[in-house]
Structures are given as C-alpha cells and as structure tokens.
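Everything on this sheet refers to the single structure shown next.
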Amino acid sequence: MTSTVGRSGGAAGTVEMTARPAGAGNTALLQRVILPRPADPTSVRALYLDEGTATSVQSAAPTAYRPGTYDDSVEEFVLHVRRSGERVADVTSRTSVRLPERSEVSFAAYFNAFPAAYWRRWSVLDAVALRLRVRGRGRVDVYRSTARGVAVHLAGEVVDTTAEGAEAEREVVVPVSLTPFADGGWTWFDLASEHGSLELVAGGWFADRAAPGRAAVTVGMPTFNRPSDCVATLRALGDDPLVRDTLTAVIIPDQGSSKVRDQPGFEEAAAALGDRLRIIDQPNLGGSGGYARIMYEALESTDCEQILFMDDDVVLEPDSVLRALAFSRFARDEMLVGGQMLSLQARSHLHAMGEVVDRGRFFWQIAPHTEDDHDFAVHPLRETSWMHRRTDVDYNAWWMCLIPRSVAERIGLPLPLFIKWDDCEYGLRAGSHGIPTATVPGVAIWHMSFVEKDDTSDWQAYFHVRNRLVVAALHGPDNPRAMLADSLKRTLRHLFLLEYSTIALHHMAMRDFLSGPRALFGALPTALGAVRATRAEFPDGTVHRGADDLPRPAIGAREAQLWPKPPVGKVAQVAALARGLRHQLRPVDPAAHERPQRDVPAEHSQWFMLAMLDGAAVTTSDGSGVTFRKRDREMFWSMLRESVRLHAEVGKAWPALRRRYREAMGELVSREAWREQVFDRFR
C-alpha cells in the first residue's frame, strides 16, 4: 500500500504503509506509545493524547458536535471539549487505547509525538518507522510538522481486522525519513474509528537497525529526607520490565535523617531491583556531593555504559529512561542527554524546552524563541508553533540527565559546590571538550516548580552567588563587568525587599570566592550550617507559621487588597527607584517593627512596594509561612557600601582568580581527590 506525499520544505514524495503481522525484526525501539496511569490527574491526559481534534466532532459520544450549538463553529466545539476535559478514547492499559465507534484521537501530544528534529540533528539515523498493532476497523494517518509548525500529511490507510475475528491484529508500519527535519519538526499519528471500535494494542517508533553498544545504565538519586519519593521512583524503575532489564545499578546516597530503608514500601520496591540497589549513608554533602558519589561508585564498581542522574523529589515516567538510553546509543558522537521538567503541582505544564547561559552577564535563562511554563492542556503541541523549532541548549539540569561513562571518565566528577550551578558547570565543561548536550522532548520527569520556591533569597542564596562566581571563573567572560553589574542590580533589589539576610549571605559567598578554590572540598559538610546560622541573625531569616502569629496590620480591608501597579518603562522604573532610595534615607517608624504595616502575599512582594514600607509580613512562595521583614536604615546603607566594595574587589582580582580556579580544576573534579578528601572521611 502506498500513499503519495506532497513536498514541503524539501520533504520527499512516497511513503509505503504496510499492514502485516507483528514483528519488528532487527530494529531498535526508540520510543513507546504510552498512556497515562489510572491514578494520574485529568490534566496529565493532555501529555499523552490530543482529544480536541477537529475531526472528533463526528463522534457519536454525548459530546458530539450538533449544528446549532457552539455558534455552529467546529473550533468552538473543540475548545469546549478541551476545557471540559471530556474524553474521546478509553485508555485500557499503559500501552493500549480503545476508540469507540466514529471517533478520532491524535497522538500529537508531548509523550507520543516523535521529536524528529532532535534525532535528525544528533543521531546517526536517516529514518525511523512507526509500528502500530491495531485491532478493529478504522484509519491511521501519519503527519509531520515543519519548523514553523505547519502540519504535513505523510500517509493514511484504512485498516480492518473484523473479518478475521474479534482478537485478530494487524501491524501497521510507516517509515518516516528524517531528511526534512533539519531545523525542526515532529512526526505523529492520528487514529479514527468508523463503523465499530478501533483499538491500539501497542505501538512505538523504531530505528531501522539494532542499537550500537549496550544499554547498561546506573541510575543515581542523592536524597535528603525524601524517603517516600525515593521509594516511589524505585518502584517505577522496578515495575517496568523493559526499564529494569537495562539497569546495572541503582545508587542512592542517603544524606538525611529520615532513611529510605525505613520508609513503608521500601522492601517491596527493593525486592524488584535485587542486588542492583545500593544505598550509601553519608552526611549531607548536597546535590554535588551526592551526584559525585554516584558517578564515583558507578565508575569504580560497575560495568555500566551510562550514568543517569535524577533528583529525589520527582515523579518518573519510566519510558523516559529507555528514550534517553536510545538517544544516547544512537548519538553521532558522545553527548549528554537531558530530560525536561514537568511541573509536579500543575502536571500538564512544561517548565522549559531548554536552558542556556548568557555568557556576558553569566546567568542561566530559557533558550531563545521559547516560553516557560507551557500548559499542554490549554495549548496542545500542534497549536504551539514555536515548539516545533528545534531548541539547542548549553546544559541540562540534573533533575534528569544521562551522562555516558566515557564522558565521566574523560572530564571528571562534579565540582564540590554543594548545590546550585553544579549541573550547569558540568554541561559547560563538557561543551568545552566538544561534548554537546541535548534536552530531548518526551524525555521527562515531574518536579516541583521553581515558582513556589524562594531559593534566591533563602539559605540557598549563598550557593547561588558563590557558585555563579566559581563557574564564571572557569567558563565565563574575560571581563566580568556585565556579570558584576547584574549582581549589584540583584543586590539592590534584595535590599529594597528588606531581605537583609540574603545580602549577608551574598557577602559571605563573595568573600569565600575571593579566598580561592582550596576551601571548596572542606566546605562541603560545613557550609550549610554556617549559612543557616548567618541567616538566623536577621528577622527576614525567620519563617513564622502564618500571619496569625504576628500582630494584624492596622490598614483597612479595602486598602489591604490594593496593590501598586508595576512601573512600566525606563522612566517609570527610574522614578520608582528614586522613591525607594529616598525612603531609605528617612527614619524608620518604630511601630512598624511591632506591627506590620501590611500583609503581603507572595505574588505582590515586589521591590517597588516593599521599598516604601518599614515593616511587612510577607508570605513565602510555597504558602507555608510568613517572614516579618523590618526596614533598617543603617543596615541598608552599610550593606550597600559593602556590596559595592566586594564587587569592586572581585572585578580587580578577576584575572588572578580565574587563573587560580582553572589551575585547580583538575584536582577538584578528580576521582582521587573526591575519595581522599570527602568519601574516605565519611565511610
């Protein structure tokens, strides 16, 4: 059977579509067709299926489109279906789905569309094949998109197994060339039933050859008092036979007081993994200390070919492990393979397509031409044109990142940074050795969104600043002027926010950076205690249970709910800055230190408002508590002067500091140094 395909952006002409018995032969599975779990929230369904297709209006289901409703508009009906969460397909297992009579569903969804542009750019493959095992009567249509998001129909065929018996199946095979995907594009399929139901029994995207090398991965998760999350991930790894068969080891450096071994369900999860599971008790050495231990143990005591880092507080889509392995094995050259982060709070939201580093001001940001916090339940893949352009990255965060063994042996272990910037530094270090990173759509975990964290102002502020400077010294600009100007701008913002503890940590971080690289190993087990002690010296460093623990502001209810509008444009921003500075010259109202002038929700804790207050009860980003922030005129100006002095000192010493950190790099990332200076001390 053949279907003629029109040309678009260089796409070529004829695609053969064959219905034959199941059997993939000497081919490698790249990506399974997967469906949501029964316990998943409704919004998660949008990551696996797009049930708002225009042709679904022909459905005989109760939501079927009828003339005279929704303004006779197919588009209005489709929008109604999406908003209401009404379902077209019946998910019967993690790999199978049934369509009732006269209905349609698209697999142009995050986990089931195939990110062809990434395979075109980074792999040795020239083509892939879609293989579906189907039962019943209906139609299969295969599409691709251009880098601009324009859909192109590749092939379509009617299948009918009803004459052969109720349990008869057919395999539909559609080869898809990767040639037209140089700049972007996905490929996917749609299913439509006709007179009777149509069932997808199983399916996937396959290579035309066996995968090179071995699938032999060590999965590692450092943990600090997240035992239930760890057990859930262990269960997800052990319950999937295909995933379980790839594991050489699962290593958990347990750095907390609430141990994984003591968590309900651990014994059952551990039994599925057997002697591959290794739990190592060690002090809290942060993420970098945990990940370094994983890499060290993987290299020293396993024969793995790949090392997969994951956070401890994630929900895993197990097929992501297989997809990352397949991508790594088919890669043209050795590379890091990163997974994307979906929001654990809003499960259909994608954090970002990828991240890069601005090499001037030396700070991370989302990749150009992309958007953050994308909701697939509202804006499906096919309707999001920017998402069809391939996104290239500088690094991938370690919520999920696969590192080939050969890369770890070549460039070393993570830097001893405790937390923050260790993953970014590793990606930049790999890049400096000619080893790229790809953040691959459809390879993902769910992780708590950073929107609900105060990590730039709480105790983590120390590590943000110190480690940014360390990594910039290793991989950053010759001239740090833009970076230091950006840092001073952030300093002033925190001072306006009455976050004096944050600035105290910034000063501590800059002094420690100026002292040089020798102290990094020694600070791993001690820095957190020093940071917490410093933060506790300031009112904004103490988190109260709630606003009821503090006196109520005297402000009226109406006024309490009116918020100043953000200054828009340079003139308005300069005027707000001048007002804020002028207020810092005025004496503090002592009553504001006894009773907050306002209760400020987290979303309204903006610098231009808090700069005008002498006392405020500010809710934390996660909503779990409040801080009582109190303006201190003398502290504001003394901290600002000290910040200017330290920034000037860093700028003056920059050439010498870069040389010192770069000369120390080999020792900081060596297995021997980690063993002698860290691991042997805590056995």
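If residue 198 meets every condition in (1) more than 24 Å from the chain's Cα centre (by Cα); (2) outside the structural domain of residue 293 (by TED's automatic domain parsing); (3) under 19 Å from residue 326 (Cβ atoms) apart from one, which number is that one?
(3)
Return the residues of the range 471-487 that are under 28 Å from the mean Cα position of the chain (by Cα) and either within 19 Å of residue 458 (Cα to Cα) or of a type in the set (D, E, K, R) (or both); say none if nothing qualifies.
Answer for the range 471-487, where residues must be under 28 Å from the mean Cα position of the chain (by Cα) and either within 19 Å of residue 458 (Cα to Cα) or of a type in the set (D, E, K, R) (or both): 486, 487.
Can you go through 408, 352, 397 and tell me which one is of a type outside the set (S, T, N, Q), free of Cβ contacts under 8 Å to residues at least 24 places away in the same chain and either in a strand (DSSP E or B) or under 25 Å from residue 223 (Cβ atoms) (or both)?
352
Can you tell me which residue is surrounded by the fewest Cβ atoms within 10 Å (Cβ to Cβ) among those in the range 502-535 that are in contact (Cβ under 8 Å) with a residue 12 or more places away in the chain and part of a loop (DSSP other than H, G, I, E, B)?
516
On the phi > 0 side of the Ramachandran plot, touching a strand residue (DSSP E or B) at 6+ places or on another chain (Cβ under 6 Å) and not assigned by TED's automatic domain parsing to the domain that holds residue 391 - does that describe any residue in the range 114-137?
yes
Name the one entry in 276, 261 that is basic (Lys, Arg), surrounded by 18 or more Cβ atoms within 10 Å (Cβ to Cβ) and at pLDDT 95 or above.
Every option except 276 fails the conditions.
Which residue is surrounded by the most Cβ atoms within 10 Å (Cβ to Cβ), if the candidates are limited to the range 604-614 and must be modelled with pLDDT of 90 or more and part of a helix (DSSP H, G or I)?
Applying the filter and picking the extreme gives 610.
I'm told residue 196 meets every condition in (1) touching a helix residue (DSSP H, G or I) at 6+ places or on another chain (Cβ under 7 Å); (2) over 17 Å from residue 135 (Cβ atoms) except one. Can you identify the failing condition by its number?
(2)
Out of curiosity, is residue 283 over 21 Å from the mean Cα position of the chain (by Cα) and outside any loop (DSSP other than H, G, I, E, B)?
no
Yes/no matrix, rows are residues, columns are (1) in contact with a strand residue (DSSP E or B) (Cβ under 8 Å, 6 or more places away or on another chain); (2) modelled with pLDDT under 95:
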| residue | (1), (2) |
| --- | --- |
| 433 | no, no |
| 437 | yes, no |
| 441 | yes, no |
| 457 | no, yes |
| 466 | no, no |
| 474 | no, no |
| 482 | no, no |
| 492 | no, no |
| 526 | no, yes |
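Among the residues of the range 423-465 satisfying the criterion of being of a type in the set (Ser, Thr, Tyr) and part of a helix (DSSP H, G or I), which is nearest to residue 505 (Cα to Cα)?
The qualifying residue nearest to residue 505 (Cα to Cα) is 462.
What tally of residues in the range 570-596 results from selecting those that are more than 26 Å from residue 547 (Cα to Cα), assigned to a loop (DSSP other than H, G, I, E, B) and not aliphatic (A, V, I, L, M)?
Here the count works out to 1.
For residues that are of a type in the set (Gly, Ala, Ser) and in contact with a Lys or Arg (Cβ under 6 Å, 6 or more places away or on another chain), scanning just the range 470-492, find the one that is surrounded by the fewest Cβ atoms within 10 Å (Cβ to Cβ).
Looking at residues that are of a type in the set (Gly, Ala, Ser) and in contact with a Lys or Arg (Cβ under 6 Å, 6 or more places away or on another chain), I get 482.
Run down 553, 601, 566, 596 and say which single residue is buried (at least 18 other Cβ atoms within 10 Å of the Cβ) and under 39 Å from the mean Cα position of the chain (by Cα).
596
Looking at (1) touching a residue at least 12 places away in the same chain (Cβ under 8 Å); (2) at negative phi; (3) not β-branched (Val, Ile, Thr), which is the only condition residue 267 fails?
(1)
If the requirement is being in contact (Cβ under 8 Å) with a residue 60 or more places away in the chain and either surrounded by fewer than 18 Cβ atoms within 10 Å (Cβ to Cβ) or of a type in the set (D, E, K, R) (or both), which of these qualifies: 308, 299, 285, 316?
After ruling out the rest, the residue left standing is 299.
Go through (1) assigned to a loop (DSSP other than H, G, I, E, B); (2) in contact (Cβ under 8 Å) with a residue 60 or more places away in the chain one by one and return the number of the condition residue 166 breaks.
So residue 166 meets the others, but not (2).
Give the number of residues within the range 369-394 that are within 27 Å of residue 308 (Cα to Cα) and in a loop (DSSP other than H, G, I, E, B).
Residues meeting the conditions: 10.
So, of the residues in the range 377-393 that are within 27 Å of residue 233 (Cβ to Cβ) and at pLDDT 95 or above, which turns out to be surrounded by the fewest Cβ atoms within 10 Å (Cβ to Cβ)?
Selected residue: 393.
Six or more apart or on different chains, Cβ under 6 Å: which pairs go from a residue in the range 235-260 that's in contact (Cβ under 8 Å) with a residue 12 or more places away in the chain to one that's buried (at least 21 other Cβ atoms within 10 Å of the Cβ) and among the acidic types (Asp, Glu)? Could you list them?
Short answer, once both residue conditions are applied: 260/254.
Just need a number here: residues in the range 96-109 that are assigned to a loop (DSSP other than H, G, I, E, B) and at pLDDT 95 or above.
Summing the residues that are assigned to a loop (DSSP other than H, G, I, E, B) and at pLDDT 95 or above in the range 96-109 gives 4.
Please state which one of 216, 211, 207 is under 23 Å from residue 131 (Cα atoms), of a type in the set (A, V, I, L, M) and surrounded by fewer than 20 Cβ atoms within 10 Å (Cβ to Cβ).
So the residue among 216, 211, 207 that is under 23 Å from residue 131 (Cα atoms), of a type in the set (A, V, I, L, M) and surrounded by fewer than 20 Cβ atoms within 10 Å (Cβ to Cβ) is 211.
Scan the range 615-650 for residues that are touching a strand residue (DSSP E or B) at 6+ places or on another chain (Cβ under 7 Å) and surrounded by fewer than 19 Cβ atoms within 10 Å (Cβ to Cβ) and jot them down.
620, 625
Among the residues of the range 358-371, is there at least one that is touching a Leu at 6+ places or on another chain (Cβ under 8 Å) and either hydrophobic (A, V, I, L, M, F, W, C) or surrounded by fewer than 23 Cβ atoms within 10 Å (Cβ to Cβ) (or both)?
No - not one qualifying residue is present in the range 358-371.
The values are calculated or read from the model by the stated rules, or taken from the named source; none is laboratory data. Here the structure is a predicted model, which means the values were calculated and not measured. Backbone-built Cβ (ideal geometry, glycine too); neighbour counts: all protein chains shown.
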